[in-house]
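Down below is the structure, laid out as structure tokens.
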Amino acid sequence: MKRFNMNREQKAALLQRRQFLKFIAGAGVALPVLQSTSLGAGLLLSRQAQAAGEPLKKVIFIYIPDGTPGGASHSYLPDQEFNMNTCSAPLENVKNECVFFQDVDIVGGGGHGLAQRVLGAFADGVSGSIDLALDSTVGATSPISSLRLGVRTRNMDPISARGFSTVTDYQDNPQTAFEKLFGGAIDTSSIGSRRLRKRLEVQQAALDALTSKLGNYERDRLEQHRAGIEKLQTDIANAASASTPAGCSAPVFNPGGLSAELVDTEFTNLFDLQVENALMALKCNITRVVTLQLGTHQSDFGVTGLSGDYHTSIHSGDESYYASYRTYFSQRVAHLISRLKEADDPDGGKLIDSTLVVQVTDMGDGNAHSGGDAAYMFAGGGTAVNRGSVVSVGAAGNHHQLLDTVAEYMGVYGTIAPYSEDGPASGILI
């Protein structure tokens, strides 16, 4: 039988978690009330992972607009021998990290103008797209609860939203994103100390929200111990951040000197720079939730090395022209997966072992504006995911089930509101 030996930090984290729960119980706060708050969900998830010696789970959503020629089954899905298709060919070297999905219908159908649907903003009973739901749970103890990066979105058509109310904090400029993440004029203190201060700040805000849910007696008792809670949370943050991960004390923007000019012809360089921003944010424990949006739902943008713009290719009547664009985007996704395989996770292993890549789109076939047979794909996620496979979500399958699967992977399914009445899709998580 395999024996698990906890190191000093893991023992400290477990002890702190027990002390925290004991304290909360002594204050008269029921555990279900605690778990219903961002403070409770985020704190307990991170402490449980650390006590078990497991890396904290992370997620990167990547949005590619306007589907794929003829739908996923025609030009994207691998065949029965797991040979890549025309538009998925660039994923050949990373295909064993991927889960491809058959029979995915986009709830609400395809078409322009409602890209918020891809992350579930319009699902019944939810408070917004899944990145925002994760923002308030797993992100509650992160300095940046969720990070939104763009490549040639020009800050238009954001996919993160609460219903029709979009969230417009996307950073399309890689250098601006880097400066907001890692210092510049905003904060020049070390990454480690800034992370601790921010964690305490966001947890205190969550504590305020918790206090508002309590009765007078519980509130009075909790207020008496606020100073103790602040100290406890600081101790927990210190236990989780005893040392600054390698490369995080003084990160450097664009060491390779790539062009960062905000024009379509530099799409590849801009994408690569945003990928490095995302990876550094994950490695440095600044965030666990990243949304990377490529272009706009109208596809009115071009890319490096291809003529015209994406929208023109889709409706040109030349399927190979459309496919050349869609293949280009698969090249970018392959680059992201490869970098996750190369990057060290400060908790051990590589980032690909603890990070789930979730590829989403707003159409099945962009030329037909259809919503069926959409090219959704997962990658990474370590041994928790049935990688190297093609999974059918069934005749009644839809993309909301895949969002619930993401929530299940991140440990918050049942804590956040479900996106589908049918629950997570089967055959994906192990």
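The values are calculated or read from the model by the stated rules, or taken from the named source; none is laboratory data. Given the structure is predicted, the values throughout are model-derived calculations rather than measurements. Note that we place each Cβ from the backbone using ideal geometry, even for glycine, and neighbour counts take in every protein chain shown. Note: areas computed on protein heavy atoms with side chains; ligands, DNA, RNA excluded. Shrake-Rupley method; radii C 1.70, N 1.55, O 1.52, S 1.80 Å.
Details
- Cross-link table Lys57/Lys95; Lys180/Lys341; Lys95/Lys283; Lys57/Lys283, entries beyond 18 Å C-alpha to C-alpha: Lys57/Lys95; Lys180/Lys341; Lys95/Lys283
- Taking Cβ atoms as reference points and 13 Å as the exclusive limit, the residues near Ser307 contribute a net charge of -3, counting Lys and Arg as +1 and Asp and Glu as -1.
- Accessible area per residue was computed with a 1.4 Å probe on protein heavy atoms; Val289 scores about 0 Å².
- Note on Asn386 and His335: with the Förster distance fixed at 22 Å, the Cβ-Cβ geometry gives a FRET efficiency of about 0.40.
- Ordering 405-412, 318-325 by mean Cβ neighbour count within 10 Å, with the highest value first, yields 405-412, 318-325.
- Region 401-430 versus region 86-121: alpha-carbon centroid distance in Å: 16
- From the alpha carbon centroid of region 328-379 to that of region 54-75 is 5 Å.
- Taking the average, over residues, of other Cβ atoms within 10 Å as the packing measure, peptides 68-80, 252-264, 270-282 rank 270-282, 68-80, 252-264 from highest down.
- Given charges at Cβ of Lys, Arg, Asp, Glu: region 100-182 dipole, positive-most of Thr153, Phe122, Val138: Thr153
- Taking 0.36 nm per residue of separation and subtracting the current Cα-Cα distance, fully stretching the chain between Leu262 and Thr312 would add 15.9 nm.
- Charge dipole (debye, nearest 20) of region 61-146; +1 at Cβ of Lys and Arg, -1 at Cβ of Asp and Glu: 180
- C-alpha center-to-center spacing [region 131-176, region 285-316] in angstrom: 16
- A DSSP coil position with no more than 15 other Cβ atoms inside 10 Å describes the following trypsin sites (Lys or Arg not before Pro) in region 96-155: Arg154.
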